[in-house]
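Input: a single structure, listed below in structure tokens.
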Amino acid sequence: MTKKNPDDSVRIEQSGAIENALGTEDVTQAENAQKPDSMNGSEENEKSIEKNIENEEHKPDDESGQIANKEEPAFEDAHSLDDIELPEVDYSGYTKHELVDTLGLLIENRPALEIRDDVERLKILFYKKLKSESEERKTKFLEDGGKIEEYRQWVDPDEARVKHLLEKYKERKTDYNKIQEAEKYENLKKKYDIIDKIKDLVNREESINKTFHDFRALQNEWHSVGVVPQSSLKDLWENYHHYVEIFYDYIKINKELRDLDLKKNLEAKILLCEKAEELLMEPNPVNAFRLLQDYHNQWREIGPVPQESKNEIWERFKEATSQINKRHHEYFEKQKDDQKKNLDAKTALCEKVDAINLLEIKNFKEFDEQADKVVELQKIWRTLGFAPKKQNNKVYQRFRDACDKFFEKKRGFYADNKEIQLNNLQLKTELCIQAEVLQESTDWKTTSDALIKLQKEWKEIGPVPRKQSERCWKRFRKACDHFFNKKTEFFAALDTSYEDNLKAKLAIIDELEKFEPGSDVQAAFDQLKELQRKWTEIGYVPFNMKDEITNKYRLAINKEFDKLKIGDEDKSILKYKTKLDNLKTNPKASRKVRNERDKFFTKIKQLEGDIVLWENNIGFFAKSTNADTMIKEVEEKIENAKKLIKTLEEKVKMIDQSGLDD
């Protein structure tokens, strides 16, 4: 292989290899081709070379197409770009055998490089399921009475198959890498052969058109060859551009053809600038960065542009590149900050679980409370993103070990308290029997309260053996649901009669508002009592109308009682009856009525005591000067007290008959 002349090294770009169809040095050749024919002598060529050297010395280093790589952040903890994309296939629902079969199919039928992520996820899922099954076998062995020192780890035959498949995958990956490396060196040899052919073009004696056509064919062949070893890239491109420049010096390409070529290259680079500027609107900076790399590769493939547009077009492309790289860098810096915050948050969760593990828990209720806290911490953990890569696995393992320690401690406590669990089972079974006895009852209020009380007792009882827990709970819930479903159906049927009851009560109110007592007080009194009786016999009305209709009725009937010329005691008793009738529709009235009954009874006892005192005092008044007047006042008090006692006793009797004090 022939190396370029050291004197010409100044013409080669210093910032790295640039893979373009017409290298940067082509600009110099275009300038030569555009000069008048009188300037094409050796003296003019020497001036052109000197100008080219000056251009190369002042050319921006970034035009090599390597800007994107120079500005890429060195961020060790960020996930690779491959990790950011979600996998297309979700294997989480596969069984263990399906995972193994899928792994085998992938390794047998797909290239090793394409299935790297799938193989890793299949391996992780398989070993997770394998570990889960192993833990279940161990737990069952211990629950069945086995001793830990007698337990032997079960060997899954699928594990050996997985190891064999992974070893096969490793071999295929190694073979693939060897083939790729060999292809790179073969491509390097092909490209050096093309350079030798370009070098020989200057020695031909055929037409310029034929030579230029062959040159284009060699350029196309050059670009069709694949990648070469990185270590040889710089030297390869320096040689390529050197002999391309010599060729352009030799053929002095036609000015019109060269101008057209430069114009097309300028249009292509303007289009790339526009595409790069559009990437500034891309919401995902990672996608924008990856597309930018493709645009830089295309930029390098495009040949030179007119000299007067060279700096301007490059500065435009470089500005867009700079902004995209800045966003990409800021994205990974932000990701690094977020991961640090996630690490702090996850560490705090680990410390909380560690604190729970230090507690001395002595009963089932406390274990259940702490277990709920641990489960809640696990939910919070799942909402947090990745921690820095170096600490991510470590902090996850710490959290998992802490949680495993707590639940192992909980399982041990439950295993040591089987007798308590059996006693709890007996208590809950008794509650099931009580609920089943009540499930056919139609005493809706009493039975509802009784079942709610049983449900509260159920919650206060501790856990039962796991094997009986679900069955016992379903039995208890079935009895409760049976009663409450019957109750719901019953009251649903009543809803249809509520409207009829409302119409009936409105009719009574309307009758009261039109009521004329007349001259016969007793007859009017009896009619009002009959309307009271009818009102009491009418059932419930819609709940939203209950208060309104009750208030209208009470005001109407009290107004009519006030019109009658009857004693205050009778009015008081009749109004109180109306009050009791209205209270029957209030489910919370029982306590209020009981309190009133107690007050009435207390008042009666007080009045009876007062009467005895007043009667004794009459004997003393006989010796006084104003005895008659004083005796008359006391006798009036005694008479009024007896009337009030009679009224209160009647109200107590009405309360007892109403059943509201039960």
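Summary table below
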item	result
Condition check for L122: within 30 Å of A217 (Cα to Cα) and of a type in the set (A, V, I, L, M)	no
Complete set of residues in region 410-440 that are of a type in the set (D, E, K, R) and under 40 Å from the mean Cα position of the chain (by Cα)	K410, R411, D416, K418, K428
Flag if K453 is in a helix (DSSP H, G or I) and farther than 30 Å from T347 by Cβ	yes
Selection within region 358-372 - loosely packed, with under 15 Cβ neighbours inside 10 Å and touching a residue at least 12 places away in the same chain (Cβ under 8 Å)	N363, K365, D368
Failed criterion for K264 (all others in (1) modelled with pLDDT of 85 or more; (2) surrounded by 14 or more Cβ atoms within 10 Å (Cβ to Cβ); (3) charged (D, E, K, R) hold)	(2)
So D416, is it without any contact (Cβ under 8 Å) to a residue 12 or more places away in the chain, within 30 Å of K546 (Cα to Cα) and out of contact with any Gly (no Cβ under 6 Å at 6 or more places or on another chain)	no
Among residues of region 361-382, those that are farther than 21 Å from R398 by Cα and either modelled with pLDDT of 90 or more or of a type in the set (D, E, K, R) (or both), counted	5
Residue in region 267-304 that is farthest from the chain's Cα centre (by Cα), counting only those that are among the small types (G, A, S) and part of a helix (DSSP H, G or I)	A268
Odd one out for K390, checked against (1) in contact (Cβ under 8 Å) with a residue 24 or more places away in the chain; (2) over 39 Å from the mean Cα position of the chain (by Cα)	(2)
Top-ranked residue in region 379-401 [being aromatic (F, W, Y) and part of a helix (DSSP H, G or I); ranked as farthest from K341 (Cα to Cα)]	F399
Qualifying residue in region 291-302 (condition: surrounded by fewer than 14 Cβ atoms within 10 Å (Cβ to Cβ), more than 26 Å from H223 (Cα to Cα) and free of Cβ contacts under 8 Å to residues at least 40 places away in the same chain)	no
Residue within region 180-188 that is assigned to a helix (DSSP H, G or I), under 30 Å from D249 (Cβ atoms) and not assigned by TED's automatic domain parsing to the domain that holds G226 present	yes
Any hit, region 151-165, residues being in contact (Cβ under 8 Å) with a residue 12 or more places away in the chain, in contact with a Phe, Trp or Tyr (Cβ under 8 Å, 6 or more places away or on another chain) and hydroxyl-bearing (S, T, Y)	yes
Number of the condition not met by P283 [criteria: (1) modelled with pLDDT of 90 or more; (2) surrounded by fewer than 16 Cβ atoms within 10 Å (Cβ to Cβ)]	(1)
Which listed residue, of F332, F367, F317, is in a helix (DSSP H, G or I) and closer than 23 Å to E274 by Cα	F317
Restricting region 513-551 to residues that are hydroxyl-bearing (S, T, Y) and over 16 Å from Y576 (Cα atoms), the residue that is surrounded by the most Cβ atoms within 10 Å (Cβ to Cβ)	Y540
Some residue of region 443-461 being among the polar types (S, T, N, Q), out of contact with any Leu (no Cβ under 8 Å at 6 or more places or on another chain) and farther than 27 Å from F364 by Cβ	yes
Qualifying positions in region 142-183 - farther than 25 Å from V100 by Cβ and either under 38 Å from the mean Cα position of the chain (by Cα) or surrounded by 15 or more Cβ atoms within 10 Å (Cβ to Cβ) (or both)	L142, E143
Residue in region 231-254 that is small (G, A, S), in the same structural domain as N311 (by TED's automatic domain parsing) and either over 59 Å from the mean Cα position of the chain (by Cα) or assigned to a helix (DSSP H, G or I) (or both) present	yes
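The values are calculated or read from the model by the stated rules, or taken from the named source; none is laboratory data. Note that this is a predicted model, so its numbers are computed, not measured. Don't worry about glycine lacking a Cβ; one is built from the backbone with ideal geometry, like all the others, and counts go over all protein chains shown.
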